[in-house]
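No value in this document is a laboratory result; all are computed from the given coordinates. These numbers were taken from a predicted model, which means no experiment stands behind them. Reconstructed Cβ throughout: ideal geometry from the backbone, glycine too, with neighbour counts over all protein chains shown.
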Amino acid sequence: MIRMANRLTRWEQKRLQKKTEEAKRRGGVSASLFLENEMNALSDADCFFFSKSRLRPEGLLTVFFPDEEHAEITVAEFVPGKNAVSPLFLRALKECHRVGVNQIHTVRNPVYEFDFGKVDGVNFTYDWSEYMLCNEMCVLAAKEVRDAEQNFSIKKEASPEGDGTVRYALSVAGQEAAECRILPMDGGKQCYLFGLKTKEAFRRKGMATALLKAIAGDYVQYEGAIMRLQVSSRNEPAEHLYRKLGFRTEEQRDYFKTEVSDGK
């Protein structure tokens, strides 16, 4: 049986929530940050399908449309051997084509593993990856910065949106050179970095390193403090920078171009 989100009963939602929580407990420590909460897809995703027996869910699939031309599919198979994936995929692809979307990717979710070979009539081709990277604040705080003789100044301010984030900006001689946002968590023992940008005139001069070093200085007081961030393999300069600074892969998800096989 395949249903859409707006057709799920409260009981069915609770059963699926229990299954997703069980799967997340088997995942990595940053799963709550890195992986989308599939139950939130009831409101965030445009499509939501699942296949179930009379008593329990067998599989779950969400389709997220980041824009009008692309779709991203995430799949979980809760009951191995039942092969709920194939009918879910074919239904989702049919829906994508119905609304005129043909550029489709399937996300290999590290919490929800399933066998691509079980999906009859669909071809998958690896395209790119996203990584959740992490690093210890003490490592970042100890990094040397090029052009250290320059007069850096750091400004930080709470986000006006009231979302709990803190904006950091690095300026040289009164001119803003780099910025990012930090979301502190767990009383300062963890933080999530996003939106790191360096203005073109200041690139390859150590500005991003100086900014991250300064941020780490604010958190290094917490023993074992960690910084996390998400980066795409398509953004080679950023990935190179983070890995050079000692960030390591904590979790990875791969994106595969998804197409219906000929004759299907």
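Worth pointing out:
- The distance between label points at residue 169 and residue 94 comes to 5.3 nm (points 7 Å beyond Cα on the Cα→Cβ vector).
- Under 24 Å from residue 14, Cα to Cα: lysines that are on another chain or at least 8 residues apart: 24, 52, 82
- For residue 19, the aspartates and glutamates whose Cα comes closer than 16 Å to its Cα, not counting residues fewer than 8 places off in the same chain, are 36, 38, 58, 77, 113.
- Residue-averaged 222 nm ellipticity for the chain, from DSSP H runs of 4+ at -39500 (n - 2.57), nearest 500: -7000 deg cm²/dmol
- Debye log10 I(q)/I(0) at q = 0.07, 0.10, 0.17 Å⁻¹ for the chain, Cα point scatterers: -0.32, -0.62, -1.23
- Region 149-218 versus region 92-128: alpha-carbon centroid distance in Å: 37 Å
- Shape of region 138-264, Cα gyration tensor, a/c cut at 1.5: prolate
- Once the Cα atoms are used to define both axes, helix 10-25 deviates from the longest principal axis of the chain by about 50 degrees.
- Partner aspartates and glutamates for residue 244 [C-alpha distance under 16 Å; skip if fewer than 8 residues away on the same chain]: 136, 144, 236
- Within-12-Å neighbourhood charge of residue 245 [Cβ basis; K, R +1; D, E -1]: +2
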